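Colleague: Structure in structure tokens, see below.
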Amino acid sequence: MLEHLSKAIRNIIDKVSRSRIVDKQLLNSIIIDLQRALLMSDVNVNTVLQISENIREKFEKSKLPEGIDKRKYILKLIYDELINLLGGEYSEELKIQTGKTNIFMFVGIQGSGKTTTVGKVAYMLKKRGLKVGIVCADTFRPAALQQLRQLVKEYNIPVYGEEGGEDAVKIALNGIEHFRKQGVDVILIDTSGRHKEEKGLLEEMKKLASAVNPTEIILVIDASIGQQAYSQAKAFHEATPIGSIIVTKLDGTAKGGGCLSAVAATGARIKYIGTGERIWDLEKFNPPSFVRRITGMGDLRELSRKLEELLKEKELEEMKVDTSKILKGDFTIEEMVKYLESIRKFGRLKKIVSMLPFGHSVPDEILEKTEEDIGKWKYIIQSMTKEEKKHPEIVKRSRIARIARGAGVSEEDVKKLLNQYSLMKKMIKRLRKSRLRKMGLFKMIEGYGY
């Protein structure tokens, strides 16, 4: 996510950390590096110049806070400016009122990922224990209804639509009535994709909003449009008040920083960001956490949330993994392999590691190799006796050779699994005793030996 910007910011941090002398020459150098990085991410040039001036002025005129040296102060200034660039310190989610039907209407231009985002939000809300229904009021794209049904079919989320229907307002009202009778908590309405220049479609959006009277209108914006997001958000807001914004496709564009900063400049709140194609690839947006991730400090809050979510997956339960043992660091080698298999199944290994402090330093090839190793480990486990699974410390040279032959792998593969198990147990137990335990974040490295 924003890999180019993230790499550039980390290089700046490394430059400051390695410098023997912190003076105006260093300050000018890192400001130039920062300007280049932000401009490459399509951040508005005037905004970039203002950030540069803020850092320069504060560094040269402000008194150093007590207990902090010049290196740390420069890094703190950069960190604070990046947070301000993204809208400051806030974290919001969709407000669901109990005892009433909550209606959220999704709008956006064609190709923004709006329909996929509706499916992601439905999945997220259902995971929170809410009864959710989707209304497809997109009358311009014939495949919209089929796409929505396909997206959420596996998760038993109902979708209302009218094949061949042309009146979006009528479809929306019929869908709302349909789901109200079923007592759903939340109704999500997917509307037709439109362009900010298309007055007719924007007028339809006004009529739909007026008829439906939604709890909130959500604008979906594609991150790849960069700073153009400012004019897009402004145009939609003028047509009908936008309650919140979801930025999609942040995982596949270099212009994400420009998009996020442009939206923040409108004063609108970004509530969620799309970070992948899978239905669970939707994250609550929190500027400080986001900046921590791109600076290599990790995003422990989001990581903890994702791991909690993973523990509740039906597939994990079916694999009979005792997650309470994993959290305590009191698990068998077989339980560890099952847990790692479940994570790999959901394709989350690289993403979760990236949220660890300095997780970016783990090369992709190592993660890929680990994924390959996990595939071998289940066969190694099958070749072990019950006693060996319970007490892997007894597995020495002769046993290693036997297990390797039975699993069809090398002896090195067996040794690697044993080492991974030992390292993982030590790390989890050490983290439980550390300050991370007080924060409820010791779960951050469940299943990892990094």
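Where a number appears in this text, it was derived from the coordinates with a stated rule and is not lab data. These numbers come from a predicted model, not from an experiment. Every residue, glycine among them, receives a Cβ derived from its backbone with ideal geometry; neighbour counts consider all protein chains shown.
Colleague: Residue 68 versus residue 92, label points 7 Å from Cα toward the beta carbon: distance in nm?
Modeller: 2.8
Colleague: How big is the gap, in Å, between the Cα center of the range 149-180 and the Cα center of the range 373-395?
Modeller: One Cα centre to the other: 50 Å.
Colleague: Right, here's the next one. If each of residue 28 and residue 100 carries a label point 7 Å out from its Cα toward its Cβ, how far apart are those two points in nm?
Modeller: The modelled label-to-label distance comes out at 6.0 nm.
Colleague: Filter the trypsin sites (Lys or Arg not before Pro) in the range 59-90 to those in DSSP coil with at most 16 other Cβ atoms within 10 Å of their Cβ, and list the result.
Modeller: For trypsin sites (Lys or Arg not before Pro) across the range 59-90 that sit outside H, G, I, E and B with at most 16 neighbouring Cβ atoms in 10 Å, the list reads 63.
Colleague: Right, next: State the extension gain, in nm to one decimal, for the chain segment bounded by residue 3 and residue 153, taking 0.36 nm per residue of separation less the distance between their alpha-carbons.
Modeller: Difference between extended and current length: 50.7 nm.
Colleague: With the convex hull built on the Cα atoms of the range 156-258, state its orientation-averaged projected area in nm².
Modeller: 7.9
Colleague: Work through the residues other than residue 160 whose Cβ is under 15 Å from its Cβ and net out their charges, Lys, Arg +1 and Asp, Glu -1.
Modeller: Every neighbour counted, the sum reads 0.
Colleague: By how many nm would the segment from residue 110 to residue 181 lengthen if fully extended, with 0.36 nm per residue of separation less the alpha-carbon distance?
Modeller: So the chain would gain 22.4 nm between residue 110 and residue 181.
Colleague: OK, next. So if R0 is 41 Å, what FRET efficiency would residue 163 and residue 35 give, r being the distance between their Cβ atoms, rounded to the nearest 0.05?
Modeller: With R0 = 41 Å, the Cβ-Cβ based efficiency is 0.20.
Colleague: If you take all C-alpha pairs in the range 3-85, what percent of them are over 16 Å apart?
Modeller: The calculated P(r) of the range 3-85 puts 48 percent of pairs beyond 16 Å.
Colleague: Over 28 Å between Cα atoms, which of 95/234; 114/207; 76/127; 7/153; 153/234; 131/234 qualify?
Modeller: Cα-Cα > 28 Å for 76/127; 7/153; 153/234; 131/234; rest within.
Colleague: For the range 1-140, what does the convex hull of the Cα positions come to per residue, in cubic angstrom?
Modeller: Per-residue hull volume (Cα only) is 181 Å³.
Colleague: Could you work out the Rg to Rh ratio of the range 102-294, with Rh taken as the Kirkwood radius (inverse of the mean 1/r over all Cα pairs)?
Modeller: Computed over Cα atoms, the ratio is 0.95.
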